[in-house]
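One structure below.
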Amino acid sequence: MMPEVSVPNVALSDVFRPSADVLSQDVGGEAVLLDLASETYFGLDPIGTRIWQLLGEGHTLQSIRDRLASEYDAPAARIEADLIALVAQLRAAGLATSD
Amino acid sequence: MDPSLTIAPAQVQQALAAPPFNHWTEPASGATWCSFHREPAGWRLRFVDLADFLVSADGLAVTACPTPGLDAATLEHLFLNQVLPLALSTQGKPVFHASAVALPAGTIAFVAASGRGKSTLATHFALHGAALVSDDGLLLEAVAGGFRVHPSHPSVRLWEDSRAALVGTRLEPGPPVSYSHKTRLLAGEGLPYCRDALPLAGAYFLGTGDSDRVRIEPMSPAEATLAWASHAFLLDVGEKQRLAGHFAQVTALGVLGCAWRLDYPRNYARLPEVRDALLAHQDAVDGAG
C-alpha cells in the first residue's frame, strides 16, 4: 500500500497532519485514503488507521506513541519504530505533512 | 440517463494541438489506440485511425466523428463498449469493468481487468439459464440499503477460443468489428438477457487463474473499496468534486459486505464446477442474510 522509505528527519516532537487534499473514510475499521492530488487510493491496517486518527487530532508523535502503548500490548520500542516508519511513508506519499 | 449520440460526417483525423491527458495502449504492441483530450466543451476521445468521440461536459451528449470508410458496426461497438461507460461516469454514475448475470436473489458481478475471463464466465452462466446483465461497463445505482445493477448492451464479446469452447456453432455471431478479433454474440434465444435493474447480490473479483481449485474468499470492506476503485471507468478525475463523489461511491460499495475474491483454473471443462460453487455460495449468503 505504502512506499518503503527511509526515516530521516522524523522526530518524536514533530506534529504531522493529514494533507488537505486527502480524503479518508473508515471502512469497517480500516481507513481508506484518497489523495486528490495524485488521484491515488491507499489503505491502512487497523493500527495505521488509529495512527491516522491521532494525527488528525494534532498530537505530537511522542503523544501518539504513548497513546498506542496504552492501547496495544506491544513493546514501546516496536510501537515507536512502526509509528515513525508509517509517518515517513505517509509523508513520502504526500498524505501527511509536518507543521 | 444514456447520453444522446449524434453521428457526424466522416472525416480524416487531424493532428490535435493539445497533448492528451491520458491514453490507452494496446497490450501487445504498446501503441496508443485511444487518447483523451480536454476541450472547452468537454472531452475528445480519439481512437486512432477509427473515430473521434466528443463527450459533452455533463456527459449527456456524444458526437461520433468516424474516419472515412469506418463501418457502422465498429462505430457502434466503440460507442457502446468504450465511450458510453466513460460518458456515464462523467454523469457521476458508478461504472466498473465487470460482467454480470442475474440470479434469483439478484445480480452477481464478475469484476476484473480485460483478459481475466469475466466474459467467459458470464457467458457460461447465461448458457445455463442465468440471464446476462452486462458484459462490461457495469452500471450501478445507489439505492436504499445497497446498489442496483442496470443492464447494459445485450451482447457479449469473446475471444475465438472461448466462443468455440462455449457455444461452438450454436449461436450466430454479430457483425464483426474492424479493430478487435473478439466475436460478439448477441443475446437472444440460447443466450438470455435481463432487461430489468436488479439488486447487486454479490461481486466477485477474479484472480489470475493460478489456483488449482475454485476458491472464494471474503474481502474486508477496505479491500473491497480499493478493489472497486481500481476497476472503475473514469473519463477524467481532474475535478476534485467528481473524484470525491467517486470516493463516496466506492466506500459505500466496500461496506456492503458482498465482495469476494474468486479464483479458479482457467479450464473450460472446469466452468460447471465454478458455476456450482458460485451458486452454492450465493445460496449460503442468501440463507445467512
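What follows is calculated from the coordinates using simple rules that are stated; it is not laboratory data. These numbers were taken from a predicted model, which means no experiment stands behind them. Cβ atoms come from the backbone with ideal geometry, glycine included; neighbour counts cover every protein chain shown.
General observations
- Test: residue in the stretch B:32-40 that is under 22 Å from B:GLU239 (Cβ atoms) and either hydroxyl-bearing (Ser, Thr, Tyr) or assigned to a loop (DSSP other than H, G, I, E, B) (or both): yes
- Hey, B:PHE110 in contact with a helix residue (DSSP H, G or I) (Cβ under 8 Å, 6 or more places away or on another chain) and farther than 26 Å from B:LEU235 by Cα or not: no
- Checking every residue in the stretch A:77-97 against the condition of being within 14 Å of chain B (Cβ to nearest Cβ) and free of Cβ contacts under 8 Å to residues at least 60 places away in the same chain gives zero matches.
- A single entry from B:ARG195, B:ARG170, B:ARG184 fulfils the requirement of being touching a Gly at 6+ places or on another chain (Cβ under 8 Å), charged (D, E, K, R), part of a loop (DSSP other than H, G, I, E, B) and in contact (Cβ under 8 Å) with a residue 12 or more places away in the chain: B:ARG170.
- Positions within the stretch B:142-175 being among the acidic types (Asp, Glu) and in contact with a strand residue (DSSP E or B) (Cβ under 6 Å, 6 or more places away or on another chain), in sequence order: none
- Filtering the stretch B:63-100 to residues that are buried (at least 23 other Cβ atoms within 10 Å of the Cβ) and either of a type in the set (Gly, Ala, Ser) or in a strand (DSSP E or B) (or both) leaves B:ALA87, B:SER89, B:VAL95, B:PHE96, B:ALA98, B:SER99, B:ALA100.
For every residue, the table says whether it meets (1) farther than 29 Å from B:MET219 by Cβ; (2) of a type in the set (Lys, Arg); (3) crowded, with 20+ Cβ neighbours inside 10 Å.
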| residue | (1), (2), (3) |
| --- | --- |
| A:LEU34 | no, no, yes |
| A:THR40 | no, no, no |
| A:GLY58 | yes, no, no |
| A:ARG65 | yes, yes, yes |
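- Selection within the stretch B:233-245 - within 10 Å of chain A (Cβ to nearest Cβ) and under 17 Å from the mean Cα position of the chain (by Cα): B:LEU234
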